[in-house]
Number of protein chains: 4
Amino acid sequence: MALTGVTRPGHAQIRVLDVEKAAAFYSDVLGLIETGRDKQGRVYFKAWDERDLFCLVLRPADRAGIDHFAFRVLDRSTLDKFERDLKAWGAPVERIAAGELLGTGERVRFQAPTGHTIDLFAEKDHNVAPERLHNPSPWTRDAERGIAPIRMDHTLLYGTDIDGTLKLFTEVLGFRLTEWVEDDNGQKNVVFLSCSAKAHDIAFGRFAEPGKLHHVSYRIESWEKLLRAGDIMGMNHVPVDIGPTRHGITRGNTIYAWDPSGNRFETFSGSYDPYPDWAPIKWTMDDLGRGLDYTQQKLHETFLTVVT
Amino acid sequence: MALTGVTRPGHAQIRVLDVEKAAAFYSDVLGLIETGRDKQGRVYFKAWDERDLFCLVLRPADRAGIDHFAFRVLDRSTLDKFERDLKAWGAPVERIAAGELLGTGERVRFQAPTGHTIDLFAEKDHNVAPERLHNPSPWTRDAERGIAPIRMDHTLLYGTDIDGTLKLFTEVLGFRLTEWVEDDNGQKNVVFLSCSAKAHDIAFGRFAEPGKLHHVSYRIESWEKLLRAGDIMGMNHVPVDIGPTRHGITRGNTIYAWDPSGNRFETFSGSYDPYPDWAPIKWTMDDLGRGLDYTQQKLHETFLTVVT
Amino acid sequence: MALTGVTRPGHAQIRVLDVEKAAAFYSDVLGLIETGRDKQGRVYFKAWDERDLFCLVLRPADRAGIDHFAFRVLDRSTLDKFERDLKAWGAPVERIAAGELLGTGERVRFQAPTGHTIDLFAEKDHNVAPERLHNPSPWTRDAERGIAPIRMDHTLLYGTDIDGTLKLFTEVLGFRLTEWVEDDNGQKNVVFLSCSAKAHDIAFGRFAEPGKLHHVSYRIESWEKLLRAGDIMGMNHVPVDIGPTRHGITRGNTIYAWDPSGNRFETFSGSYDPYPDWAPIKWTMDDLGRGLDYTQQKLHETFLTVVT
Amino acid sequence: MALTGVTRPGHAQIRVLDVEKAAAFYSDVLGLIETGRDKQGRVYFKAWDERDLFCLVLRPADRAGIDHFAFRVLDRSTLDKFERDLKAWGAPVERIAAGELLGTGERVRFQAPTGHTIDLFAEKDHNVAPERLHNPSPWTRDAERGIAPIRMDHTLLYGTDIDGTLKLFTEVLGFRLTEWVEDDNGQKNVVFLSCSAKAHDIAFGRFAEPGKLHHVSYRIESWEKLLRAGDIMGMNHVPVDIGPTRHGITRGNTIYAWDPSGNRFETFSGSYDPYPDWAPIKWTMDDLGRGLDYTQQKLHETFLTVVT
């Protein structure tokens, strides 16, 4: 199997202030499909083109932010191996029982040095209509309900010990660095990490506080559909942070906006496919404006300061 | 002839501080084609898909801004008629001799109540390669040199007496109102005027000073090529004002940026085709943020204040 | 008024074999909006972005084809003038009473030398929601129901006396030639005629029989939405003739397909804006393959032979 | 490392009849960059966004077709392991010396049961300008020279023993089946295989003769750039086979055309990202028309019969 170890982002569990308002937003505006609710009052969503039962879990809480971000690993033995390796590396690790999240097997949970809770799992139910597996049409009606991303794509988390988390993700979990922002002291301020051939499956940025969520990103199929996403944000009075524009970093196209609880999300298209033998790309502070917003060449203040 | 009277925007003559720097910008970055220079040191440009000899004239000067904006009228007799009608209406009118601009016939010049100089002309040389008229390819190499708009599309001018200029353009020149912004006192603050089936061939906005240029707009073929335009702006460190985004007003897509002299220009795609029997669209101050920037729903301060 | 005389294509009345099947097709697959039915059993449709009450009328009949194609003229006096001019020119002319079509004023009907019935009208009810005229969103839900063209755009009719019809449209109705196909004897085989700044509002092709319909064309906003149109055709097993591809002629992008009665229709995007002073473009038989299908460079047999 | 084993398609070595004509075609029309020639007269090319020294090798020969298709594997030890595994499986294997291809390390070559020569390599020089690794622009001038794909993407090979090759690729090389065409006897007629999260890195189709090339595919960034590719084919009189259209299979968008030697190539955009835990998609003969050409719903004869 050429895609092994950590195979992809699995889901984000985020905290929302008013769960019905949040669920309505993620369903009607972002256009995800609600696939379940549990006894804790959590609401589960998947994107129309995903097969996993869910990619997003909303947990009712009194402050916004992220509970945990999770990755799917290849299989149970991979999960067990990562548990051993994480412990050996010295990360705090625990097992979460199967079924704690709907349709999901056991999870191996660890704390990253940036203060984030990261889960690994090997099993999650698929939710895919049989007609998608036999002479399927290229898309379905769900592809035009709300913004309708094809999948949850990646996350950017802000926290304290970037170097430690970079070390853990690359040395233990097999991620590799694809791009990074270097400050004037030669420190890595933001690191973009891939477990696949995507420019990022997760990214971390240096911040004064641990465990912060910068954004969860959802994949849009084209720049034209990103305009449509922006139109839908405008129609629904969604507060927009930045974009539509091109990122210099990752070459992707973006709109950043906030959900009703103040959690930033991104609709994202484009980008490129880096491979394991590719040297990572360095961004320096003098050109970080273009790194963030290639058109406007501007390092928006909110990007650096507003997190949940 | 179903398209009569004023048939289209013809050209803008704008003032630039450093003519060589400006010429290099309009040629290499915006991607217009230099088609001539005259004894006054003026430099002439056309877009790759235009047939007229020029759509833009740069005049060396010690302050930026617009000298005049010109429209092509159907023929000489139409030109003569407009001269009579403008005089009868009471506008200050003069004739400019043929040849004052390269390859251009006589112009009828008048002063609009907003303090702008507007020229009408019936004759301007065509500049089109014979192979464009016989089994032509859909585009040429020039379509990918710099931003490469297909044409100069319209202008937005800021000035004092909006009502007077609206009256003159609709009653004398046969333009019609397609959209307008109404302030809280029921006054028209910005008016969008069409001499064709475009949402605007010219627009005027209320301002404390007369005769100001807000922007000259250049037509881009698609939203995807507008992203390309933004990339080229980023590559060339062009100062960008707003966008890429959707305008609510005119439904067009936009990037506003400034040329090296500080004159704002727009790259513009999309929009719709209104017809003479269509009622105009009203925008009110409470929703002007979406009127300007539908995605960000924001009335950018620069839009209201920065002109040349 | 700069747009005078004939201002735009108004509607096509076509014959369909099974009116319910046809109505379902034009509503659910092409995505037009049904706006009325009359005592004759005719069904009326408009495109989501049009304001006129209808652009298409389906008439139940026992053979497919076109009853008449109609243009909107500026006003009643223009209509009267065209009636006089058509009679003076020698065309067979009659008046059709107001109300013969729903919400439509009197029509001046004439027979074109190619054997087609053409109607002119000055009045047709508008059908536009008030919210489209005050701080409107760029599009509505109807823009994503079925293929959802923004408007009926033009037609291509096949008939006998091309030269006569060309003469009538240019000399009497004020259309102008924008492009033409010239056969090896120097005859014009296909003529593209504009009453606006579109590359064609109507076109005529030489054919052995009079009065034939080649296709009615519907405007799609972008090449990406044309792919979506093709996907919807595939999903609905619509028989497709040609495309998606680029036309060399008019530079537009196209998919040709057939409705359930065998009437060809086109979904069309792109193209360019010619002006009255522009010389028309000549296509010759040696390059007509690229004229029709620029990518495949192929003169598809069906294009020349299949009509209703 | 989450991407292990076979990491990506490396290159195709194809046979061309007139090497200078072929080199001109691949450079000027397809827009690849020539990166070297060797003593055997072979010409090497890379795509503008690739880092490897080459993705295509043209070998002068007296008949068209493919010499070998090669994959990059993670590292030397992976290469050695595959050599052992291939031998154990019973495939004919040989070592090709480092340097036999410019800048390329040792290759492990084996014969697939469909009659194709497949090479694996762990080392190939990178060819990437330093400015692409430090604050890079999203694209370069080379991205607009000719069709300018971003990379060589995959190949479709026609041959005899599909089941054997499927077994070898999945059991030995770690590829997985993402989609397949099943004939009416329950046989797999065409198999799409991935070593990544792409819908196909290689595909095989059942054919009466072994070792045939159906096409080498090049990745285009968007459907709009695929139209541009088609325009460039039209401008250059490139013989086009099918498209532009949507594939049902892999959901990608395509134009198939032939190089001057008659080797088919594809320009390809879109598609989706399947993961290792996803069940493969089955296509059946009754709907294969949509599988190949979703818009036209047509199983083009050339697709089944024309190979080199």
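A few comments on the model shown:
- Considering the range B:111-157, and only residues there that are of a type in the set (S, T, Y) and open to solvent by 10 Å² or more (accessible area, probe 1.4 Å), the residue that is nearest to the other protein chains (Cβ to nearest Cβ) turns out to be B:S137.
- Scanning the range A:217-240 for residues that are open to solvent by 10 Å² or more (accessible area, probe 1.4 Å) and of a type in the set (D, E) yields a total of 2.
- Here C:E144 passes the criteria (1) modelled with pLDDT of 95 or more; (2) under 17 Å from the mean Cα position of the chain (by Cα) except the one numbered (2).
- For the range D:177-229, a residue qualifies if it is over 16 Å from the mean Cα position of the chain (by Cα) and basic (K, R), and the qualifying residues are D:K188, D:R206, D:K225, D:R228.
- Residues that are open to solvent by less than 30 Å² (accessible area, probe 1.4 Å), among the hydroxyl-bearing types (S, T, Y) and in contact with a strand residue (DSSP E or B) (Cβ under 6 Å, 6 or more places away or on another chain) are absent from the range C:78-87 altogether.
- Test for B:K21: is it open to solvent by 30 Å² or more (accessible area, probe 1.4 Å), closer than 30 Å to B:E144 by Cα and more than 14 Å from chain C (Cβ to nearest Cβ): yes
- Beta carbons closer than 8 Å, at least 6 apart along the sequence or on distinct chains, pair a first residue in the range A:209-232 that is more than 16 Å from B:G243 (Cα to Cα) with a second that is acidic (D, E) and open to solvent by less than 20 Å² (accessible area, probe 1.4 Å) for A:H215/A:E266; A:V216/A:E266; A:S217/A:D153; A:S217/A:E266; A:Y218/A:D153; A:Y218/A:E266; A:R219/A:D153.
- Number of the condition not met by B:P276 [criteria: (1) open to solvent by 10 Å² or more (accessible area, probe 1.4 Å); (2) at pLDDT 95 or above]: (2)
So that you can scan it fast, the table gives a plain yes or no per residue for (1) closer than 15 Å to C:G105 by Cβ; (2) within 13 Å of the chain's Cα centre (by Cα):
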{"position": "C:E34", "(1), (2)": "no, no"}
{"position": "C:R42", "(1), (2)": "no, no"}
{"position": "C:W48", "(1), (2)": "no, no"}
{"position": "C:R51", "(1), (2)": "no, no"}
{"position": "C:A64", "(1), (2)": "no, no"}
{"position": "C:F69", "(1), (2)": "no, yes"}
{"position": "C:L74", "(1), (2)": "yes, no"}
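- Enumeration of residues in the range C:172-218 that are among the β-branched types (V, I, T) and closer than 15 Å to C:M152 by Cα: C:I202, C:V216
- D:L30 vs. criteria among the aliphatic types (A, V, I, L, M) and in contact (Cβ under 8 Å) with a residue 60 or more places away in the chain: yes
- Residues in the range B:27-68 that are out of contact with any helix residue (DSSP H, G or I) (no Cβ under 7 Å at 6 or more places or on another chain), away from every other protein chain (no Cβ under 14 Å) and either open to solvent by less than 20 Å² (accessible area, probe 1.4 Å) or under 23 Å from B:I220 (Cα atoms) (or both): 12 in all.
- Residues (more than 7 Å from chain C (Cβ to nearest Cβ), within 20 Å of D:I150 (Cα to Cα) and either assigned to a strand (DSSP E or B) or of a type in the set (A, V, I, L, M) (or both)) located in the range D:212-237: D:H215, D:V216, D:S217, D:Y218, D:R219, D:I220, D:L226, D:A229, D:I232
- Of the set (1) in contact with a helix residue (DSSP H, G or I) (Cβ under 8 Å, 6 or more places away or on another chain); (2) under 19 Å from C:K298 (Cβ atoms); (3) away from chain C (no Cβ under 14 Å); (4) part of a loop (DSSP other than H, G, I, E, B), all apply to D:K298 but (3).
- When the residues of the range B:1-18 are filtered to those that are out of contact with any strand residue (DSSP E or B) (no Cβ under 6 Å at 6 or more places or on another chain) and in a loop (DSSP other than H, G, I, E, B), the one that is surrounded by the fewest Cβ atoms within 10 Å (Cβ to Cβ) is B:D18.
- When restricted to residues that are of a type outside the set (G, A, S), under 22 Å from the mean Cα position of the chain (by Cα) and buried (at least 18 other Cβ atoms within 10 Å of the Cβ), the range A:291-308 contains 6.
- Near pairs, Cβ below 7 angstrom, 6+ apart or cross-chain, from the range D:42-59 (over 11 Å from D:L30 (Cβ atoms) and modelled with pLDDT under 95) to any residue that is small (G, A, S) and part of a loop (DSSP other than H, G, I, E, B): none
- Of residues in the range D:241-269 being open to solvent by 20 Å² or more (accessible area, probe 1.4 Å) and out of contact with any Asp or Glu (no Cβ under 8 Å at 6 or more places or on another chain), the one farthest from D:A199 (Cα to Cα): D:G262
- From the list B:D259, B:D293, the one residue that fits, being more than 14 Å from chain A (Cβ to nearest Cβ) and not aliphatic (A, V, I, L, M), is B:D259.
- Subset tally (residues that are without any contact (Cβ under 8 Å) to a residue 12 or more places away in the chain and over 18 Å from B:S217 (Cβ atoms)) for the range B:267-307: 9
- The condition of being at positive phi, in contact (Cβ under 8 Å) with a residue 12 or more places away in the chain and of a type in the set (G, A, S) holds for only one of D:G103, D:G99, D:G90, that being D:G103.
- Matching residues in the range D:161-188 - criterion: being out of contact with any Leu (no Cβ under 6 Å at 6 or more places or on another chain), free of Cβ contacts under 8 Å to residues at least 60 places away in the same chain and either among the aliphatic types (A, V, I, L, M) or crowded, with 19+ Cβ neighbours inside 10 Å (or both): D:I162, D:T165, D:L166
- Some residue of the range D:117-133 being polar (S, T, N, Q), more than 30 Å from D:G31 (Cβ to Cβ) and at pLDDT 95 or above: no
The values are calculated or read from the model by the stated rules, or taken from the named source; none is laboratory data. All values derive from a computational prediction rather than experimental measurement. Please note: Cβ atoms are built from the backbone with ideal geometry, for glycine as well, and neighbour counts cover all protein chains shown. Side chains included, ligands, DNA and RNA excluded: accessible areas come from the protein's heavy atoms. Shrake-Rupley method; radii C 1.70, N 1.55, O 1.52, S 1.80 Å.
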